[in-house]
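The values are calculated or read from the model by the stated rules, or taken from the named source; none is laboratory data. The structure presented is a predicted model; accordingly, all values stated were derived computationally and were not measured. We place every Cβ from the backbone using ideal geometry, glycine too, and count neighbours over all the protein chains shown. What goes into the accessible areas is simple: the full protein's heavy atoms, side chains included, and nothing from ligands, DNA or RNA. Shrake-Rupley method; radii C 1.70, N 1.55, O 1.52, S 1.80 Å.
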Amino acid sequence: MKRVIDLLLILLSAPIWVPVFIVLWVVVRVCFGSPAFFRQERSGMDGKPFHIIKFRTMNDARDGSGKLLADEERLTPC
């Protein structure tokens, strides 16, 4: 029953959050390039892994040896 209520609330609230997500997607694509989203594996209930999809907020800049730069150096200006 909870799943049905969750899905119903998502559908009813879609006219509010879908336009916001579209605007965010455009901003991320303009500021950071493609792709606008990335998937990340996280640990869930009882240690069971799940995937979350997030908007990108960092670039993939690397140093001369190919290692990712520090987080502070990869943050984007937008």
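In table form, for the structure just shown:
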| item | result |
| --- | --- |
| Sole residue being of a type outside the set (A, V, I, L, M), part of a helix (DSSP H, G or I) and open to solvent by less than 80 Å² (accessible area, probe 1.4 Å), chosen from Pro19, Pro15 | Pro19 |
| Those residues of segment 7-37 which are aromatic (Phe, Trp, Tyr) and either over 11 Å from Phe55 (Cα atoms) or touching a residue at least 40 places away in the same chain (Cβ under 8 Å) (or both), in sequence order | Trp17, Phe32 |
| Breaking point among (1) within 13 Å of the chain's Cα centre (by Cα); (2) within 20 Å of Glu73 (Cβ to Cβ); (3) open to solvent by 100 Å² or more (accessible area, probe 1.4 Å), for Arg62 | (1) |
| Residue within segment 35-52 that is open to solvent by 60 Å² or more (accessible area, probe 1.4 Å), of a type in the set (A, V, I, L, M, F, W, C), assigned to a helix (DSSP H, G or I) and on the phi < 0 side of the Ramachandran plot present | yes |
